[in-house]
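Before any comments, here is the structure.
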Amino acid sequence: MKSAETATRLGSACLPALAARGIPVPTYPRQGLPGVVHLGLGAFHRAHQALVFDALQRGDTRWGVFGVAMRSTQLADALNAQDGLYAVQVASSAGSQWQVGGAIWQTAVAAREPARVVQALAAPATRWVTLTVTEKGYGPALADLLVQGLAARHAAGLPGLTIASCDNLAHNGRKLQALCVNAARQLSPALADWVERACAFPNSMVDRIVPAATPQRLAAAHEALGVADEAALGTEAFWEWVIERRFADSGDAEVLAAAGVTVVDDVAPFEDAKLRLLNGSHTAMACLGAVAGWPVIGECITQPAVRSFIHGLMTHEVGPQLSRPDWAGYRDALLARFANPALQHSVHQIATDSSQKIPQRWPPSVLGALRAGLPVDRLAFAAAAWMRYVRGSDEQGRSYAMNDPMAGELQALALAHAGEAAATVQALGTLRVIWGEVLPANTHWLALVARQLERIDRLGVLAALAQLQANLDDA
């Protein structure tokens, strides 16, 4: 086989040959003006919403996607060179299957060509906007981009849009709506009223584990497809999209439900379960793995002490607070998903932007558990592991880079008090931007965290977990 550098590159002309190899490929028309503008053209969108839109387009081409990378040009340009096509390896315990996604028809980069993005938002064919910009992306720049497009639509007398935030942000639709309405009001009260009245901002919860692409995954795609694919990725078989019944076109609810999307009146029970069980456990394992030197989540969860810890965290401290009716089944599915050996989900990828993610994932569970009289020992251990993680080196003395807006400040505080558990917790555990207004003043909670951090420093992660479990068994 040719090397990836000289092989034929994935594109529309390759689809018949791929179909002949038994690989599912798009068979619908992929031209015209897309009906969806997606902001945040990363792996998660391409393995989640874009595959839903791919399925919808088999009978309804209104769901073609104009994919917008916010800053990075590499992926957008790679997809453009491949006619928007990319391969996805879907892996489960039963095996894996490659498929080619075709929902993305066009790409752009917001930082490089903002006028083109605004034009797409304002296009008559556009019906939806979806976003995966992560928690830190919800700011003035995002609001300005969206409102420019909405202002052009309003001026042209076009209908409003469904604007669906698909990030791990609690009440994401309401927060995005407030951001956009406030930005629109700076331009015109009439525009703000129209955005509030004509556009729909549904809350939504999205769930699928999608590791960052690796050279190994690209090589596997080359082997499976017989062509080079610079945008190939892998994911698990499980996926879930729960979205509030709030659309600019009410008929979209039935269309989405037919594709497997769960349309509900209240997303909150699903949102809370995902943030606290999946995301909260992921962040805990990412910190444990980074400190202990386990590079991927699959290796973390195969440690019996870690699996017991995560099971206990979900079963005794987080799950009983939740209103999702099937939370115990969801917990069991998560444990199996974490152990999927095909995913190779990097702990450092998951630990990215932890200062932005923790406020959504841990403090609500701690406060809820304290109010309900539930234990919080495992949550305190997770918090302690994060405080050890931000020192920037593992237990073998190997340094690692932290990708976090607060990395410099956090590491400076952690190193200044390294080896002094109480002082570390006083410095890091009282940061209200991370822990909120209540926990930094809760001396019982801070003492629990300090006790766990002292154990991690003295014994190491595995032995400290064993000591935690022994103490809980004796309680």
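The values are calculated or read from the model by the stated rules, or taken from the named source; none is laboratory data. If you're wondering where the values come from, they're calculated on a predicted model, not measured in any experiment. Cβ sites come from the backbone with ideal geometry, for glycine too, and all protein chains shown count toward neighbours. Protein only, heavy atoms only, side chains kept; ligands, DNA and RNA dropped before computing areas. Shrake-Rupley method; radii C 1.70, N 1.55, O 1.52, S 1.80 Å.
For this structure, a couple of remarks:
- Within segment 263-270, one or more residues are part of a strand (DSSP E or B) and either surrounded by fewer than 24 Cβ atoms within 10 Å (Cβ to Cβ) or at pLDDT below 95 (or both).
- Any hit, segment 321-341, residues being over 25 Å from Glu240 (Cα atoms) and touching a residue at least 60 places away in the same chain (Cβ under 8 Å): no
- Among residues of segment 346-387, those that are of a type outside the set (D, E, K, R), open to solvent by less than 20 Å² (accessible area, probe 1.4 Å) and assigned to a loop (DSSP other than H, G, I, E, B), counted: 2
- Looking only at segment 116-132, and only at residues there that are among the hydroxyl-bearing types (Ser, Thr, Tyr) and more than 17 Å from His154 (Cβ to Cβ), the one that is farthest from the chain's Cα centre (by Cα): Thr130
- Matching residues in segment 279-293 - criterion: being among the small types (Gly, Ala, Ser) and farther than 17 Å from Ser393 by Cα: Gly280, Ser281
- Of all the criteria given as (1) within 22 Å of Trp63 (Cβ to Cβ); (2) open to solvent by 20 Å² or more (accessible area, probe 1.4 Å); (3) not hydrophobic (A, V, I, L, M, F, W, C), the one not satisfied by Thr235 is (2).
- Only one of the numbered conditions (1) modelled with pLDDT of 95 or more; (2) under 19 Å from Ile350 (Cβ atoms) is violated by Gly298, and that is (1).
- For segment 431-444, a residue qualifies if it is under 23 Å from Ser393 (Cα atoms) and open to solvent by 10 Å² or more (accessible area, probe 1.4 Å), and exactly one does: Leu431.
- Pair list, Cβ under 8 Å, 6 or more apart: segment 84-100 residue surrounded by fewer than 22 Cβ atoms within 10 Å (Cβ to Cβ), other residue among the aromatic types (Phe, Trp, Tyr): Gln89/Trp98; Val90/Trp98; Ser92/Phe238
- Residues (closer than 27 Å to Asn340 by Cα, open to solvent by 50 Å² or more (accessible area, probe 1.4 Å) and out of contact with any helix residue (DSSP H, G or I) (no Cβ under 7 Å at 6 or more places or on another chain)) located in segment 238-259: Trp239
- Lone qualifier among Val52, Val65 - being in contact (Cβ under 8 Å) with a residue 40 or more places away in the chain and within 18 Å of the chain's Cα centre (by Cα): Val52
- Looking only at segment 451-465, and only at residues there that are out of contact with any helix residue (DSSP H, G or I) (no Cβ under 6 Å at 6 or more places or on another chain) and either at pLDDT below 95 or closer than 16 Å to Pro304 by Cβ (or both), the one that is most open to solvent (accessible area, probe 1.4 Å): Ala463
- Residue identified as open to solvent by 30 Å² or more (accessible area, probe 1.4 Å) and closer than 19 Å to Ala369 by Cβ among Ala418, Ala447: Ala447
- Options Val267, Val261: the member that is aliphatic (A, V, I, L, M), over 23 Å from Ala76 (Cα atoms) and in contact with a Gly (Cβ under 9 Å, 6 or more places away or on another chain): Val267
- The lone criterion from (1) modelled with pLDDT of 95 or more; (2) in a loop (DSSP other than H, G, I, E, B) left unmet by Asn340 is number (1).
- Qualifying residue in segment 240-257 (condition: within 22 Å of the chain's Cα centre (by Cα), within 22 Å of Ile104 (Cβ to Cβ) and among the aromatic types (Phe, Trp, Tyr)): yes
- Pairs with Cβ under 7 Å, 6+ apart, first in segment 290-318 and open to solvent by 10 Å² or more (accessible area, probe 1.4 Å), second among the acidic types (Asp, Glu): Ala292/Asp394; Ala292/Glu395; Gly293/Asp394; Gly293/Glu395
- Residues located in segment 28-46, provided they are at pLDDT 95 or above and of a type outside the set (A, V, I, L, M, F, W, C): Pro34, Gly35, His38, Gly40, His45, Arg46
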